[in-house]
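Chemist: Sharing a structure with you now.
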């Protein structure tokens, strides 16, 4: 909740600057539904252990950007996004043989700041920006089935990840319609993790994140735009030196979803 409060505070600051300087403010929201594909690979005492799960997923995003009065080509903003992966089966294989299965739920949240440059003509537009922020990923596992035995205890795992990166938005407008696309790349500068079963172990995490979005938009009333399209988000995490038993673990989350967005300028 602390990060939610930070995002709301930043949004309030941007609103105050907007009314004080009379610049252009852009507010957006996005909702989506799709699939989250999660895989994990680890090496333990010479054995290769792999897990896999596909979860139905809901996304929700809020963003606000402020364009300066005297330099309308410069902007800064803030964004927040939440991802809910609904419960599904996760299977674990050891050296190609299934040894465990359990229920898995995933919740992700991210908050970021961005600062950049925008240029647009009558038809074409682009935005280049730097970004930085925090990602949190929460895993819940229960109903374990392991070699004929069952265990209903819940095990949770949490990752806290700080990232920095760059982004590019491109657009082509024809009348009230436009085709838009964006790409972002971020590297996790610092990351830690915790597991409820191994509270005495600190995870050391790094990795990267890629966001791709494409869609077609239309101005429905003056300064209000609706966009329909798709998004792809990939988290690639490397977990090293967890303890003396696990040599290395790699986690990969891929979210593919259809999205609908609303954007309002004032």
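Chemist: Assuming R0 = 22 Å, what is the FRET efficiency of residue 74 and residue 162, from their Cβ-Cβ distance, to the nearest 0.05? Display every interim value, and only then the final one.
Modeler: On the way: r = 25 Å, r/R0 = 1.13.
FRET efficiency, residue 74 to residue 162: 0.30.
Chemist: Take residue 204, project a point 7 Å from its Cα along the Cβ direction, then tell me which residues of segment 36-68 have their backbone nitrogen under 17 Å from it.
Modeler: Hits in segment 36-68 for residue 204 at 17 Å: 43.
Chemist: When only C-alpha pairs under 8 Å and at least 6 residues apart count, what is the relative contact order of the chain, in percent?
Modeler: Details: 753 pairs, mean separation 46.5, N = 266.
Dividing the mean separation by the residue count of the chain yields 17 percent.
Chemist: Still on this structure: Once you have the Cα-Cα distance between residue 195 and residue 82, take 0.36 nm times their residue separation minus that, and quote the gain in nm to one decimal. Each step should come with its number before you reach the end.
Modeler: On the way: separation 113, 0.36 × 113 = 40.68 nm, distance 2.13 nm.
This chain segment gains 38.5 nm when fully extended.
Chemist: In addition: What distance in nm separates the two pseudo spin-label positions at residue 256 and residue 138, each 7 Å out from Cα along the beta-carbon direction?
Modeler: 2.8 nm
Chemist: Per-residue ellipticity at 222 nm for the chain, helices alone: DSSP H runs ≥ 4 residues times -39500 (n - 2.57), over residue total, nearest 500 deg cm²/dmol? Can you show the working numbers first?
Modeler: Details: 1 runs with 20 residues, N = 266.
Computed ellipticity for the chain at 222 nm equals -2500 deg cm²/dmol.
Chemist: While we're here: Against the longest principal axis of the chain, how steep is helix 2-21, in degrees 0 to 90 to the nearest 10, with axes from Cα atoms?
Modeler: 10 degrees
Chemist: Report the full-extension gain for the segment residue 107 to residue 266: residue separation times 0.36 nm, less the Cα-Cα distance, to one decimal in nm. Display every interim value, and only then the final one.
Modeler: Details: separation 159, 0.36 × 159 = 57.24 nm, distance 3.29 nm.
The residue 107-residue 266 span can extend by a further 53.9 nm.
Chemist: If I model a spin label at residue 218 and residue 33 as a point 7 Å from the Cα along the Cα→Cβ vector, what separation in nanometres do I get?
Modeler: About 2.1 nm, to one decimal.
Chemist: Still on this structure, please answer the following. Take residue 118, project a point 7 Å from its Cα along the Cβ direction, then tell me which residues of segment 247-266 have their backbone nitrogen under 19 Å from it.
Modeler: Label zone hits: 261-266.
Chemist: Please find the FRET efficiency linking residue 238 to residue 151, where r is the Cβ-Cβ separation and R0 is fixed at 25 Å, and quote it to the nearest 0.05.
Modeler: Details: r = 29 Å, r/R0 = 1.14.
About 0.30, to the nearest 0.05.
Chemist: Picking from 198, 56, 105, which is most flexible by a Gaussian network model of the chain using Cα springs under 10 Å?
Modeler: 198
Chemist: Roughly how large, in nm² to one decimal, is the mean projection of the convex hull of the alpha-carbon atoms in segment 117-201?
Modeler: Working: hull surface 38.4 nm².
Across all orientations, segment 117-201 yields a mean hull projection of 9.6 nm².
Chemist: Could you line up 209, 199, 120 from fewest to most neighbouring Cβ atoms inside 10 Å?
Modeler: On the way: 209 20, 199 8, 120 13.
Fewest-to-most ranking of 209, 199, 120: 199, 120, 209.
Values in this text are rule-based calculations from the coordinates and carry no lab data. Nothing here was measured: the structure is a model prediction, and the numbers come from that model. Cβ coordinates were reconstructed from backbone atoms using ideal geometry, including for glycine residues, and neighbour counts include every protein chain displayed.
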